[in-house]
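Down below is the structure, laid out as structure tokens.
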Amino acid sequence: MSAAIFAMPGNETLASELAALTGVELGVLEHRKFPDGETYLRFGTEVRNRTSLLACSLHNPNVKVLPLLLAAAALRDLSAATVGLVAPYLAYMRQDRRFKDGEAVTSSSFARLLSSAFNWIATIDPHLHRLASPGEIYTIPVLVGHAAPLLADYLRRRPVPSFLVGPDAESEQWVSAVASAAHLPHVTLQKDRRGDRDVSISFPSLTRFTGMAPILVDDIVSSGRTMEMAVKHLVGRGFRKPICLAVHGILAEDARDRLVVAGAEIVTTNTVPGPMAKLNINPLLAELIRPQLLKGTKP
Ligand code: R5P
């Protein structure tokens, strides 16, 4: 029996596009809140002995995770053969160390939680800074796709001579991959983060890029402070309007407005849906999950 994919709330486009791209059935998942705020779920499509997938990008994760875990548990109760999670954005990857005594290392505990609920996860560019791979914290296979070719393809279609800027040391892995695929020069800056919304960036001389268009490349734009600092600096040095190019456009709170006011254009993939999500990652996700769809054996 073929696989079925179900959309968690807000992930309907993701699930239907993946169903169309892979040929799996788009399943029916009824969901609502009881008056007391608890979650009601009902699978309206047969899942017994079927590979079952839940589509749920995990930005703003706290409201999504309990319903997601309940849905995964229901699929097991209903005898699904395997339960996979397609999470284009994988949350809780950044607190990967105890920086201060007593802090929760949430990347590890979140990984344990998801590993106990799913057989596998497919995601795009998880934030790997101090970790070399998700396998260091996840005990299930995590299939990772990379958005660099998609970002590079977008840049190749722009006729303007450009240079890429990675705003901090962590961004080097993304900016160098995009730069090499797009055949563009790049520079990586040094960032000092003092708080969630408090960053400073040191800039080297950029005179060798005079006359070229700056493209800031990072994996995540969250509060937008990192990009905002870099945009202000570039604009202040007389460069033309920078593009902020990112894989995951979380754009929390007023990040989008602040970046626009600072003088930037924002372009992201649709791992997090929104008006700036102009690059479609779903064909890559479809390729990533295809091999899993053929595996129907009960674990
Ligand atoms: C940092 O480690 C990431 O690569 C991003 O630079 C960071 O997550 C951006 O955060 P924010 O938008 O809050 O400055």
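Evaluated against (1) touching a strand residue (DSSP E or B) at 6+ places or on another chain (Cβ under 6 Å); (2) more than 18 Å from Asn11 (Cβ to Cβ), Leu85 falls short on exactly one condition, (2). Where helices (runs of 4 or more DSSP H) fall entirely within the stretch 194-299, those with at least 2 residues that are under 22 Å from Asp168 (Cα atoms) are at 225-236, 255-262.
Go through the residues of the stretch 205-214 one by one and say whether even a single one is in contact (Cβ under 8 Å) with a residue 24 or more places away in the chain, under 30 Å from Ala122 (Cβ atoms) and of a type outside the set (Ser, Thr, Tyr). No, the stretch 205-214 contains no residue that is in contact (Cβ under 8 Å) with a residue 24 or more places away in the chain, under 30 Å from Ala122 (Cβ atoms) and of a type outside the set (Ser, Thr, Tyr).
I need the full set of residues from the stretch 230-252 which are touching a strand residue (DSSP E or B) at 6+ places or on another chain (Cβ under 8 Å) and within 8 Å of the ligand (Cβ to nearest atom), in order please. If the condition is that a residue be touching a strand residue (DSSP E or B) at 6+ places or on another chain (Cβ under 8 Å) and within 8 Å of the ligand (Cβ to nearest atom), then Ile250 is the only one that fits. Restricting attention to the stretch 202-222, the residues being surrounded by fewer than 20 Cβ atoms within 10 Å (Cβ to Cβ) and within 16 Å of the ligand (Cβ to nearest atom) number 2. Taking the criterion of being among the aliphatic types (A, V, I, L, M) and touching a Leu at 6+ places or on another chain (Cβ under 8 Å), the residues of the stretch 146-175 that qualify are Ala147, Leu150, Leu151, Leu155, Leu164, Val165, Val175. Taking the stated definitions as given, is Asp96 surrounded by 17 or more Cβ atoms within 10 Å (Cβ to Cβ), within 21 Å of the chain's Cα centre (by Cα) and at positive phi? No; evaluated as a whole, the condition is false for this residue. Could you say whether any residue in the stretch 158-168 is modelled with pLDDT of 95 or more, among the hydrophobic types (A, V, I, L, M, F, W, C), surrounded by fewer than 20 Cβ atoms within 10 Å (Cβ to Cβ) and more than 13 Å from the ligand (Cβ to nearest atom)? Checking the stretch 158-168: at least one residue is modelled with pLDDT of 95 or more, among the hydrophobic types (A, V, I, L, M, F, W, C), surrounded by fewer than 20 Cβ atoms within 10 Å (Cβ to Cβ) and more than 13 Å from the ligand (Cβ to nearest atom). Quick one: is Ala255 buried (at least 17 other Cβ atoms within 10 Å of the Cβ), closer than 23 Å to Pro88 by Cα, more than 16 Å from the ligand (Cβ to nearest atom) and at pLDDT 95 or above? For Ala255, the condition - buried (at least 17 other Cβ atoms within 10 Å of the Cβ), closer than 23 Å to Pro88 by Cα, more than 16 Å from the ligand (Cβ to nearest atom) and at pLDDT 95 or above - is not met.
Within the stretch 109-127, the set of residues being in a loop (DSSP other than H, G, I, E, B) and either modelled with pLDDT under 95 or in contact with a Pro (Cβ under 7 Å, 6 or more places away or on another chain) (or both) comprises Asn119, Pro126. Only one of Thr106, Thr139 is surrounded by fewer than 20 Cβ atoms within 10 Å (Cβ to Cβ), touching a Phe, Trp or Tyr at 6+ places or on another chain (Cβ under 8 Å) and either modelled with pLDDT under 95 or of a type in the set (Val, Ile, Thr) (or both). Can you tell me which? Matching residue, one of Thr106, Thr139: Thr106.
What are the pairs, 6+ residues apart or on separate chains, where a residue within the stretch 71-91 that is farther than 16 Å from Gly44 by Cα has its Cβ under 9 Å from a residue that is crowded, with 22+ Cβ neighbours inside 10 Å and among the charged types (D, E, K, R)? Partner pairs satisfying both residue conditions: Ala81/Arg50; Thr82/Arg50; Tyr89/Asp125; Leu90/Asp125. Among the residues that make up the stretch 259-271, is at least one of them closer than 23 Å to Ala15 by Cβ, touching a residue at least 12 places away in the same chain (Cβ under 8 Å), surrounded by 14 or more Cβ atoms within 10 Å (Cβ to Cβ) and out of contact with any Pro (no Cβ under 9 Å at 6 or more places or on another chain)? Among the residues of the stretch 259-271, at least one is closer than 23 Å to Ala15 by Cβ, touching a residue at least 12 places away in the same chain (Cβ under 8 Å), surrounded by 14 or more Cβ atoms within 10 Å (Cβ to Cβ) and out of contact with any Pro (no Cβ under 9 Å at 6 or more places or on another chain), which makes the answer yes. Step by step: first the residues of the stretch 187-200, then only those that are more than 10 Å from the ligand (Cβ to nearest atom) and not small (Gly, Ala, Ser), then the one that is surrounded by the most Cβ atoms within 10 Å (Cβ to Cβ). Which residue is that? That would be Leu189. Candidates are the residues of the stretch 114-136 that are more than 30 Å from Ala182 (Cα to Cα) and either in contact with a helix residue (DSSP H, G or I) (Cβ under 7 Å, 6 or more places away or on another chain) or polar (S, T, N, Q) (or both); the one that is surrounded by the fewest Cβ atoms within 10 Å (Cβ to Cβ) is Ser116.
The values are calculated or read from the model by the stated rules, or taken from the named source; none is laboratory data. These numbers come from a predicted model, not from an experiment. Neighbour counts run over all protein chains shown; Cβ positions are idealised from the backbone, glycine included.
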